[in-house]
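Peer 1: Take this structure, written in structure tokens, and hold onto it; I'll ask about it next.
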2 protein chains.
Amino acid sequence: MRDIIINQPLDMHLHLRDNDMLKLVAPFSAKSFSGGLIMPNLSTPITNKQMLMSYKNRVLEAIDGNNFEPYMTLFYQNYDTKFLKDIQNDITAIKLYPAGITTNSKQGVSNFDIKELEPTLSVMSELDIPLCVHGETDGFVMDRESQFMDIYEQLATNFPKLNIIMEHITTKDATKIVQKYDNLYATITAHHLLITLDDVAGGFLDPHLFCKPIAKRYEDKEALVKLATSGNKKVMFGSDSAPHPTHKKECCGCAAGVFTAPIALQLLCELFIKDEQNINLQEQNLQKFLSSNAVDIYGLTPPNKTITLREKNYKVAVDYKNTTHTITPMYGGKTIKWSII
Amino acid sequence: MRDIIINQPLDMHLHLRDNDMLKLVAPFSAKSFSGGLIMPNLSTPITNKQMLMSYKNRVLEAIDGNNFEPYMTLFYQNYDTKFLKDIQNDITAIKLYPAGITTNSKQGVSNFDIKELEPTLSVMSELDIPLCVHGETDGFVMDRESQFMDIYEQLATNFPKLNIIMEHITTKDATKIVQKYDNLYATITAHHLLITLDDVAGGFLDPHLFCKPIAKRYEDKEALVKLATSGNKKVMFGSDSAPHPTHKKECCGCAAGVFTAPIALQLLCELFIKDEQNINLQEQNLQKFLSSNAVDIYGLTPPNKTITLREKNYKVAVDYKNTTHTITPMYGGKTIKWSII
């Protein structure tokens, strides 16, 4: 039985929701990770300091004493210099959503004209506030991310000093673009390293693997795995763990989102640690993907925490519940090969 | 308000299932159609005369006195001359499934080597028994049909006198191949003329639109609509109406199949009848797609029946049920623009 120790693991794309759902899911991330970048798309998106600080306090309450830093984000809108200077020290990034593209994103951006975005983005660039982007158009579901690459290129070239993070990339196209520009970075989820559209809709339809961006082709998954496991400094882990109540997944009109918080580290271990001969390099690259790359990209000083994983079967819970909610994780009821000890 | 009269409408690809499900669904097809080609993939597939005749009797009971001809099919396996001669007059076609490709297809064909298929197919060719094919490989879900085109071409060229029906085609590729060989024909469903993968998984996930083959891209749908509405003699309507209990659709691991029997004619009317100027041609092409092409391809003499459709809103039932089953149709609860009167 082999043990792998991860220092300060970070989840740089995390949905914790609010209220009773927050209370249910936050401890899973807070136990396994040293910190996480908390997404701002609550049912009322976080667009000012008061909402941000209030949400941060609710998150801190919900993590239940665990040593975990919630890196807060603001929902992208047009913001002026005064506003951004005032909130700068309380946020780690600003998250941009195209309008209506995913859960709670109605108030997002509907016009990607650079002139429209320039006033806010140039101030963010000056103040060194990173921009996180959900990069999808409203086109055909399998093409949405690839169609967004032009916008990424325009953003990267027009704002060369702005650090731009391509969130939850899912395509071979995105793995190329992220390496083409110095100021582009990317997060990759655990599930996009493991599944394709075949897992969602190839045999039976699996609502618990339905997410946005939707899982793509085998060649896309392979390109993502190659990039993530290579230790490349441009990519980092962001789970996009996104809980929905089970009854809103197993229904007509199921919401997009995969809940991976309790199993993400174990799955990544299984993916990265492949053979005896290169064990040290694989472990180093896992450490980079799970922590050091994010530390460098965002300039973070995460709380000290080490997580030990063991090559030992782990049966994933069928569901997790509190008095208000029941949620079904990815691979619920299945056995995976690594455990947190 | 405009009326359209269809003579002897035929559904040349129909799943009626068995027992209580058969009793629930058969009357919908039997009311709207003059006849239907009944698929043989029951939980125990129909592979001999006794099973066939017994199932036909159950179907005739279930149609509840409606003037409707069930055109029976046999599940493709290796059959010898004696067997085929004996059953020839009781069947309209033999349906070939690749093994494991869809509901109840485990006993299908796993080796598409022409030498393996030759003994049975050459007898079918001699006896003029049409071959219906579910044309999908076990490849990536969006490519399965296109990857099967080589097999269709091999079948068409090796058995030039065998009439081969490409069932429920969903791709632009298939619309080309069907026109390339004299002995290839195709059925097209109502839902594949109306939806793309965006409707299944582009916004929320819709289990009631999940089917095999899965709905494809916009350019595929457009090619199908163009072919179907043109009056082309190579294509005919086959609903592939395939009921599953609602609880097996709205769950984790939803089965493939769209239940369209009660609304297929209305939907096709809405699709074909588009503008005043070409009304006669549109009506003729609808008649061809819904009946005359199938009559010519299969050499059928369907029972006399005319169905009158009126351009008048029709609210689709949310579900249909008997004491055993509840099933949810396509567009359940929505309003469509044509009604059967």
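Peer 1: Across the range B:168-215, what is the number of residues that are under 18 Å from the mean Cα position of the chain (by Cα) and within 21 Å of B:Thr103 (Cβ to Cβ)?
Peer 2: Number satisfying all stated conditions: 21.
Peer 1: Still on this structure, please answer the following. Of everything in the range A:136-164, what is within 14 Å of another protein chain (Cβ to nearest Cβ) and touching a residue at least 40 places away in the same chain (Cβ under 8 Å)? Give them in sequence order.
Peer 2: Restricting attention to the range A:136-164, the residues satisfying the condition of being within 14 Å of another protein chain (Cβ to nearest Cβ) are A:136-147.
Result: A:Glu136, A:Asp138, A:Val141, A:Met142, A:Arg144, A:Glu145.
Peer 1: Go over the candidates B:Leu10, B:Leu60 one by one and state the one that is surrounded by fewer than 17 Cβ atoms within 10 Å (Cβ to Cβ) and within 29 Å of B:Val235 (Cα to Cα). Let's see the steps before the verdict.
Peer 2: Working: B:Leu10 fails: surrounded by fewer than 17 Cβ atoms within 10 Å (Cβ to Cβ).
Unique residue meeting the criteria: B:Leu60.
Every residue, every condition in (1) at pLDDT 95 or above; (2) more than 14 Å from chain A (Cβ to nearest Cβ); (3) surrounded by 15 or more Cβ atoms within 10 Å (Cβ to Cβ), yes or no:
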{"position": "B:Gln282", "(1), (2), (3)": "yes, yes, yes"}
{"position": "B:Asn285", "(1), (2), (3)": "yes, yes, yes"}
{"position": "B:Asn293", "(1), (2), (3)": "yes, yes, yes"}
{"position": "B:Thr308", "(1), (2), (3)": "yes, yes, no"}
{"position": "B:Tyr331", "(1), (2), (3)": "yes, no, yes"}
{"position": "B:Lys334", "(1), (2), (3)": "yes, no, no"}
{"position": "B:Trp338", "(1), (2), (3)": "yes, yes, yes"}
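Peer 1: Something else now. Among the helices (runs of 4 or more DSSP H) lying completely within the range A:176-273, list those that include at least 3 residues that are out of contact with any strand residue (DSSP E or B) (no Cβ under 9 Å at 6 or more places or on another chain), at pLDDT 95 or above and more than 14 Å from chain B (Cβ to nearest Cβ).
Peer 2: Of the helices (runs of 4 or more DSSP H) lying wholly inside the range A:176-273, those with at least 3 residues that are out of contact with any strand residue (DSSP E or B) (no Cβ under 9 Å at 6 or more places or on another chain), at pLDDT 95 or above and more than 14 Å from chain B (Cβ to nearest Cβ) span A:218-229.
Peer 1: Can you go through B:Gln147, B:Gln154, B:Gln179 and tell me which one is in contact with a Gly (Cβ under 6 Å, 6 or more places away or on another chain), among the polar types (S, T, N, Q) and more than 16 Å from B:Met39 (Cα to Cα)?
Peer 2: Numbers: B:Gln154 fails: in contact with a Gly (Cβ under 6 Å, 6 or more places away or on another chain); B:Gln179 fails: in contact with a Gly (Cβ under 6 Å, 6 or more places away or on another chain).
None of the others qualify; the one that does is B:Gln147.
Peer 1: A further question follows. Just give me the residues in the range B:165-197 being crowded, with 24+ Cβ neighbours inside 10 Å and without any contact (Cβ under 8 Å) to a residue 40 or more places away in the chain, in sequence order.
Peer 2: B:Met166, B:Ala174, B:His192
Peer 1: Go through the range B:198-227 and give me each residue that's closer than 22 Å to B:Asn285 by Cβ and buried (at least 20 other Cβ atoms within 10 Å of the Cβ).
Peer 2: Correct list: B:Asp220, B:Lys221, B:Ala223, B:Leu224, B:Leu227.
Peer 1: Does any residue in the range A:24-50 that is closer than 19 Å to A:Asn104 by Cβ come within less than 8 Å, Cβ to Cβ, of a residue that is of a type in the set (Gly, Ala, Ser) and part of a helix (DSSP H, G or I) six or more places away or on a different chain, and which pairs are these?
Peer 2: A:Ala26/A:Ala62; A:Gly36/A:Ser29
Peer 1: Of these, B:Pro98, B:Pro45, which one is farther than 30 Å from B:Asn304 by Cβ, surrounded by 13 or more Cβ atoms within 10 Å (Cβ to Cβ) and touching a His at 6+ places or on another chain (Cβ under 8 Å)?
Peer 2: B:Pro98
Peer 1: Moving to a separate point now. Within the range A:216-233, does at least one residue satisfy the condition of being of a type in the set (A, V, I, L, M, F, W, C), under 22 Å from A:Arg17 (Cβ atoms) and under 19 Å from the mean Cα position of the chain (by Cα)?
Peer 2: no
Peer 1: Just to check your reading of the model, which residue among B:Asp86, B:Asp20, B:Asp80, B:Asp64 is among the acidic types (Asp, Glu) and in contact with a helix residue (DSSP H, G or I) (Cβ under 6 Å, 6 or more places away or on another chain)?
Peer 2: On inspection, the qualifying residue turns out to be B:Asp64.
Peer 1: Do we find that B:Asn66 is assigned to a loop (DSSP other than H, G, I, E, B), at positive phi and not hydrophobic (A, V, I, L, M, F, W, C) in this structure?
Peer 2: Working: assigned to a loop (DSSP other than H, G, I, E, B): yes; at positive phi: no; not hydrophobic (A, V, I, L, M, F, W, C): yes.
No; evaluated as a whole, the condition is false for this residue.
Peer 1: Another question about this same structure. Against the conditions (1) surrounded by fewer than 21 Cβ atoms within 10 Å (Cβ to Cβ); (2) under 22 Å from A:Arg17 (Cα atoms), where does A:Ile327 fall short? Just the number, please.
Peer 2: A:Ile327 satisfies all of (1) surrounded by fewer than 21 Cβ atoms within 10 Å (Cβ to Cβ); (2) under 22 Å from A:Arg17 (Cα atoms) except (1).
Peer 1: Looking only at the range B:75-106, how many residues end up being in contact with a Ser or Thr (Cβ under 8 Å, 6 or more places away or on another chain) and among the polar types (S, T, N, Q)?
Peer 2: So the count comes out to 4.
The values are calculated or read from the model by the stated rules, or taken from the named source; none is laboratory data. All figures in this text were calculated on a predicted structure; none of them were measured in a lab. Quick reminder, even Gly has a Cβ in these numbers, built from the backbone with ideal geometry, and neighbours come from all protein chains shown.
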